[in-house]
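Accompanying notes for the structure given below.
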Amino acid sequence: MTETLQAPPRTAGAPESSGPTTKSILLVFAGLMVTMLLASLDQTIFSTALPTIVGELDGVDHMIWVTTAYILASTIMLPVYGKLGDLIGRKGLFVAAIGLFIVGSIVGGLSGNMTELITGRAIQGLGGGGLMILSQAIIADVVPARQRGKYMGIMGGVFALSSVAGPLLGGFFTDGIGWRWAFWMNVPLGILAIASAVFFLRLPKGAPRKPRIDGLGMALLAIASTCLVLVTTWGGNTYDWNSPQIVGLIVGLAISGTAFVFVERGAAEPIMPLHLFRQPNFVLTTLAGLITGIAMFGALAYLPTYLQMVTGADATQAGFLMIPMMAGLLVTSILTGQLVSRTGRYKVFPIVGTVIVAGALALMSTMTATMPVWIICVYLAIMGIGLGMSMQILILIVQNTFSIREVGTATASNNYFRQIGASLGASIVGSLFVANLTDLMGSRLPAGSAGATGSTNSLTPAAVKNLPTAIHDVIVGAYNDALTPIFLIMVPLVLVAAVLLLFVKEKPLATTIERDTTAVSLETDGATRVQLDHDDAARSDDDGPQEPRGTGTRKVDVPA
């Protein structure tokens, strides 16, 4: 016979339908802000301290790895945290990621050479990869997409604020109690973040699922990511492009990348599901995010060094000079988020923001060693305005495309490619910058000046400032001419991102959070078990978000 089985309707008091209160959301948000502060401070605090650190540890030629090691490690871990968060829950992972970050900070604080310093940064990255991505996914757990814009705008503002505080603290520590405090400060801040997570995070529980970990996919993705970053870091700098090392890495990238795609096609719970790439909005925003990562981190990684070497600013002053960029990012990020939540319209903001970033890079390519500092600050402010209009909105578009059961995976996959862009930006700009600087200093320094300058690996801003005027001017000019042309190269690439975003389909932002209901089981005559289970996975179609269903009806055949 055939029966029509109807799942119990959701009532006003049902746990799965009663959303979190405003107070509980604010408590969750407070905990996330502490963690965002921790993660974003660490990305910027070394920018002003780096020239002094590598000079003291005699490792200017390894300077790129202080940044790249963190970015590479965090990039590899992004999809891991995203997928595991969807499978087993985010709170435990969140606390574990913060703990790992603290361990890396201790290793870095105790480092006595560049190898130990880079190791500490890599461990920090292994934990840091979970801080940002889990924070973004947790917001999606408790706030509907329509209201999420204002929260994510504030998160972007916290990033901007800490990006100001980071260089300032880095400069303060370097000029005062010592650069190692850039590591030590993470320990109490990390403990505070763990306490906030333990006491404040109260996340809704979805339908239980037995996790099936895609270990092979994770390993292949890590290999491919490492090969890609090493190619861009070493190619044309440490090794020739046709050297066995670079050719081997390219072959390794091709093999591991191809194998990864085949593994993901057959995995039960793929770390990066291929069906994500069937959504045009995901593909377009991911490509735009990758390009934004290249431009942003390619510029941010070396601007503080440029400001110290070229303008003569000390580490603290260089931190202050970064304030215009971060102020622009802070203001536009918050305002854009508020406008999106009020109007539900979002497509125009990342398009306009990306065009502004391209214009800022074009202006920055005209900087000279004699340019007034206030003009440089204006250029930086323009870039911050553009970044603030685009960064958080791209993540919101991705989250609005997929169901809550995949929001961590989708957000992590999008962030993975943006971090790949960040890694490529820092690596490519760093490689070009170091290669250009070496060539320019080799050709411009007068013969016999090696005794006055010492090894270029040991040059610090203070040392350059005390050099004879003729040699000082040559070095300052070399630093300027080695970096500014690279900004111009990035302009066409950023404009491509703006064109891609024109094709984003502006779907309505969801006003509720769809969740899986608890499975309902029916046993007939002790022989047949039928499971009714409401799933929101079908939400990721081209017609935009669907409203959650209060009841569900399904026809099933039950033997008489």
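The values are calculated or read from the model by the stated rules, or taken from the named source; none is laboratory data. Bear in mind that the values here come from a model prediction, so they are computed numbers and not experimental data. Cβ sites come from the backbone with ideal geometry, for glycine too, and all protein chains shown count toward neighbours.
If you go through segment 357-376, how many residues are closer than 28 Å to L290 by Cβ and in contact (Cβ under 8 Å) with a residue 24 or more places away in the chain?
11
Working only within segment 57-68, note down all residues that are farther than 30 Å from M152 by Cα, part of a helix (DSSP H, G or I) and at pLDDT 75 or above.
W65
So R148 fits all but one of (1) more than 25 Å from R345 (Cα to Cα); (2) in a helix (DSSP H, G or I); (3) of a type outside the set (S, T, N, Q); (4) at pLDDT below 80; what number is the exception?
The one condition R148 does not meet is (1).
Which is at pLDDT 70 or above and within 25 Å of G108 (Cβ to Cβ), of T48, T52?
T52
Can you say whether L432 is under 24 Å from I489 (Cβ atoms) and crowded, with 24+ Cβ neighbours inside 10 Å, as far as the supplied structure shows?
no
Determine, yes or no, whether A435 is farther than 19 Å from I53 by Cβ, part of a helix (DSSP H, G or I) and at pLDDT below 75.
So A435 does not fit the description; no.
Assess whether V348 counts as being over 19 Å from the mean Cα position of the chain (by Cα) and surrounded by fewer than 20 Cβ atoms within 10 Å (Cβ to Cβ).
yes
Go through segment 293-308 and give me each residue that's aromatic (F, W, Y) and over 13 Å from the mean Cα position of the chain (by Cα).
Hits for segment 293-308 are Y302, Y306.
Between a first residue in segment 384-398 that is over 14 Å from V357 (Cβ atoms) and assigned by TED's automatic domain parsing to the domain that holds L335 and a second residue that is surrounded by 24 or more Cβ atoms within 10 Å (Cβ to Cβ) and of a type in the set (D, E, K, R), which pairs have beta carbons less than 8 Å apart while being 6 or more apart in sequence or on different chains?
Partner pairs satisfying both residue conditions: L396/R148.
Among the numbered criteria (1) touching a helix residue (DSSP H, G or I) at 6+ places or on another chain (Cβ under 8 Å); (2) free of Cβ contacts under 8 Å to residues at least 40 places away in the same chain, which one does A254 miss?
Here A254 meets the rest and fails (1).
Just to check your reading of the model, which residue among A412, A358 is crowded, with 24+ Cβ neighbours inside 10 Å, touching a Leu at 6+ places or on another chain (Cβ under 8 Å) and not polar (S, T, N, Q)?
Unique residue meeting the criteria: A412.
Would you be able to say whether some residue in segment 194-210 is modelled with pLDDT under 80, within 30 Å of A259 (Cα to Cα), out of contact with any Cys (no Cβ under 8 Å at 6 or more places or on another chain) and not in a helix (DSSP H, G or I)?
The answer is yes, given that some residue of segment 194-210 is modelled with pLDDT under 80, within 30 Å of A259 (Cα to Cα), out of contact with any Cys (no Cβ under 8 Å at 6 or more places or on another chain) and not in a helix (DSSP H, G or I).
Does F173 fit the bill of being aromatic (F, W, Y), over 18 Å from the mean Cα position of the chain (by Cα), assigned by TED's automatic domain parsing to the domain that holds L84 and at pLDDT 75 or above? Spell out the reasoning first.
Working: aromatic (F, W, Y): yes; over 18 Å from the mean Cα position of the chain (by Cα): yes; assigned by TED's automatic domain parsing to the domain that holds L84: yes; at pLDDT 75 or above: yes.
Here the answer is yes, as F173 does meet what is asked.
Can you tell me which residue within segment 438-456, out of those that are at pLDDT below 55 and of a type outside the set (G, A, S), is nearest to D58 (Cα to Cα)? Lay out the reasoning, then the answer.
Within segment 438-456, the first condition is being at pLDDT below 55, and the residues that meet it are 450-456.
Add one more test, that the residue is of a type outside the set (G, A, S), and what stays is 453, 456.
Working: T453: 14, T456: 9 Å.
Among residues in segment 438-456 that are at pLDDT below 55 and of a type outside the set (G, A, S), the one nearest to D58 (Cα to Cα) is T456.
Please verify whether L84 is under 22 Å from the mean Cα position of the chain (by Cα), assigned to a helix (DSSP H, G or I) and within 28 Å of D58 (Cα to Cα), treating the condition exactly as stated.
So L84 does not fit the description; no.
Is there a residue in segment 130-137 that is surrounded by 24 or more Cβ atoms within 10 Å (Cβ to Cβ), at pLDDT 80 or above and in contact with an Asp or Glu (Cβ under 7 Å, 6 or more places away or on another chain)?
There is no residue in segment 130-137 that is surrounded by 24 or more Cβ atoms within 10 Å (Cβ to Cβ), at pLDDT 80 or above and in contact with an Asp or Glu (Cβ under 7 Å, 6 or more places away or on another chain).
Got at least one residue in segment 105-115 being surrounded by 23 or more Cβ atoms within 10 Å (Cβ to Cβ), in contact with a helix residue (DSSP H, G or I) (Cβ under 7 Å, 6 or more places away or on another chain), at pLDDT 80 or above and closer than 27 Å to Q338 by Cβ?
Looking through segment 105-115, none of the residues is surrounded by 23 or more Cβ atoms within 10 Å (Cβ to Cβ), in contact with a helix residue (DSSP H, G or I) (Cβ under 7 Å, 6 or more places away or on another chain), at pLDDT 80 or above and closer than 27 Å to Q338 by Cβ.
If you check G298, G266, which single one turns out to be farther than 21 Å from V504 by Cβ and in the same structural domain as V398 (by TED's automatic domain parsing)?
Result: G298 is the single residue among G298, G266 that is farther than 21 Å from V504 by Cβ and in the same structural domain as V398 (by TED's automatic domain parsing).
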